[in-house]
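Since the structure comes first, as C-alpha cells, the remarks are kept for the end.
The values are calculated or read from the model by the stated rules, or taken from the named source; none is laboratory data. Owing to the predicted nature of the structure, the values given are computational and were not obtained by experimental measurement. Virtual Cβ from ideal backbone geometry, glycine too; neighbours counted across all protein chains shown.
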C-alpha cells in the first residue's frame, strides 16, 4: 500500500486508514484481530479510533490487540477527544481540563504511552479556541501525542485553528482534518478543502463510501443484516438518500461494470485521488467486508470516468466561493 505524508508534516501514513468505530460493539475482538492483521499485512499503518466509540471499548480492544496480535511499532494510532465521556459540564467539550483528562483516559485504555495523532472531534463554542489549542500544545510537549489534528470543523474554524498554531514558534501545528467526504458528500470542497490546502493540512475522509450507499447494496432494497436496517443507523444512512444520490450510485455501478471492478473500488479510487486527500478512513463490521476494501486498493480510474463522476456528483457552488469573472 502506498504511503504519504500527512499534510505538511513528517508523519507518513498509509493511503488507507482503518476505522474502528464498530469495535467493541458490533465487531468482537476476534473479528477485530482478523481485520487488524489483514490491514497491516496489506501495508496499512493508520488506525483510527475515538474515546467515544463504543463508550471506550474500541480503544480497549485496539489496545489489547496491540499487546497481543500486532506490534505497536507496526501501526500509527489516531484517536479523538471532545465528545461526552462523563456527566456534567466538564464531561465533554474542548476545555483544557476535559481534553487532557480524556487523553490520559484514552492512553490508559489503549495501554500506550503516546498516540501518533490526537484529533479534536468537534468545535466547541463554549471554550476559547486558544485554551483548546494550548491543551494540544501540552499534549505534544509532554510526549502524550506526536501530532494533532481537527475533525468536523467548518472552513473558517479549520483556518482559524491552523493559523493560530502557525502564528507563534513552538506551538503544535494542526496537520490534518478528518471530515466526511465521498461522491455523495462533497460539501467540504466549498471551504474546508481550500483551507486545508492553503494551510498544509492533510484530509482524512470519513465515510468514504457514502455511508455504504456507494457500494450499491442499497440499490434496490435494504439488506436485513446491514446498518441501514438497524434502528440505530437507519436515519444516518437515509440522510444521504435522494434522487440525485441514486443517479450518482448508478453512475458508479456503470463505471464499475465497464472496468470489471466493484462499485466500492470505483468510489474509493475517485476519492483517494482528490486534491488534498491523504487517507480515506474505511470502517468495516467484518473481516470479509474489509477484505473487499483491501482488494480494491489498486483500482485506478481513467480520466474520462473521473470526469463523468465529477460531473454527476458536482456540489453546488455559488457566491462567495465562486465569483463571476469581471
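Among (1) closer than 25 Å to residue 10 by Cα; (2) touching a residue at least 40 places away in the same chain (Cβ under 8 Å); (3) outside any helix (DSSP H, G or I); (4) touching a helix residue (DSSP H, G or I) at 6+ places or on another chain (Cβ under 6 Å), where does residue 195 come up short?
(3)
Residue 193: within 22 Å of residue 317 (Cα to Cα), modelled with pLDDT of 95 or more and crowded, with 23+ Cβ neighbours inside 10 Å, yes or no?
Considered against the rule, which asks whether it is within 22 Å of residue 317 (Cα to Cα), modelled with pLDDT of 95 or more and crowded, with 23+ Cβ neighbours inside 10 Å, residue 193 comes out as yes.
Looking at residue 167, is it without any contact (Cβ under 8 Å) to a residue 12 or more places away in the chain and surrounded by fewer than 24 Cβ atoms within 10 Å (Cβ to Cβ)? Walk me through how you get there before you give the answer.
Values: without any contact (Cβ under 8 Å) to a residue 12 or more places away in the chain: yes; surrounded by fewer than 24 Cβ atoms within 10 Å (Cβ to Cβ): yes.
Considered against the rule, which asks whether it is without any contact (Cβ under 8 Å) to a residue 12 or more places away in the chain and surrounded by fewer than 24 Cβ atoms within 10 Å (Cβ to Cβ), residue 167 comes out as yes.
From (1) under 20 Å from residue 147 (Cα atoms); (2) free of Cβ contacts under 8 Å to residues at least 60 places away in the same chain, pick out the condition that doesn't hold for residue 13.
(2)
Of the residues that make up the range 282-303, is at least one surrounded by fewer than 15 Cβ atoms within 10 Å (Cβ to Cβ) and on the phi > 0 side of the Ramachandran plot?
Checked against the condition, which is being surrounded by fewer than 15 Cβ atoms within 10 Å (Cβ to Cβ) and on the phi > 0 side of the Ramachandran plot, the range 282-303 yields no hits at all.
Hey, can you tell me all the residues within the range 33-48 that are farther than 24 Å from residue 192 by Cα, in contact with a strand residue (DSSP E or B) (Cβ under 6 Å, 6 or more places away or on another chain) and either buried (at least 24 other Cβ atoms within 10 Å of the Cβ) or modelled with pLDDT under 95 (or both)?
39, 44
Counting only residues that are surrounded by 23 or more Cβ atoms within 10 Å (Cβ to Cβ) and on the phi > 0 side of the Ramachandran plot, which one in the range 196-210 is nearest to the chain's Cα centre (by Cα)?
So the residue we want is 207.
Does residue 26 meet the test of being in contact with a helix residue (DSSP H, G or I) (Cβ under 9 Å, 6 or more places away or on another chain) and modelled with pLDDT under 95?
Taking the combined requirement at face value, the residue satisfies it.
Could you look through the range 72-103, keep only residues that are on the phi > 0 side of the Ramachandran plot and without any contact (Cβ under 8 Å) to a residue 40 or more places away in the chain, and pick out the one that is nearest to the chain's Cα centre (by Cα)?
93
So for the range 266-289 (the condition being under 22 Å from the mean Cα position of the chain (by Cα), modelled with pLDDT under 90 and closer than 30 Å to residue 58 by Cα), does at least one residue qualify?
Looking through the range 266-289, none of the residues is under 22 Å from the mean Cα position of the chain (by Cα), modelled with pLDDT under 90 and closer than 30 Å to residue 58 by Cα.
Considering 199, 204, which residue is over 15 Å from residue 273 (Cα atoms) and modelled with pLDDT of 95 or more?
Unique residue meeting the criteria: 199.
Could you tell me how many of the residues in the range 56-70 are in a helix (DSSP H, G or I) and either out of contact with any helix residue (DSSP H, G or I) (no Cβ under 8 Å at 6 or more places or on another chain) or surrounded by fewer than 23 Cβ atoms within 10 Å (Cβ to Cβ) (or both)?
Residues flagged as in a helix (DSSP H, G or I) and either out of contact with any helix residue (DSSP H, G or I) (no Cβ under 8 Å at 6 or more places or on another chain) or surrounded by fewer than 23 Cβ atoms within 10 Å (Cβ to Cβ) (or both) within the range 56-70 amount to 10.
Take the range 104-144 and flag every residue that is surrounded by fewer than 23 Cβ atoms within 10 Å (Cβ to Cβ) and in contact (Cβ under 8 Å) with a residue 60 or more places away in the chain.
Listed by number, the residues that qualify are 116, 121.
Select from the range 266-305 the residues that are farther than 27 Å from residue 149 by Cβ, in a helix (DSSP H, G or I) and without any contact (Cβ under 8 Å) to a residue 40 or more places away in the chain and list them in ascending order.
Across the range 266-305, the qualifying residues are 288, 292, 295, 303, 304.
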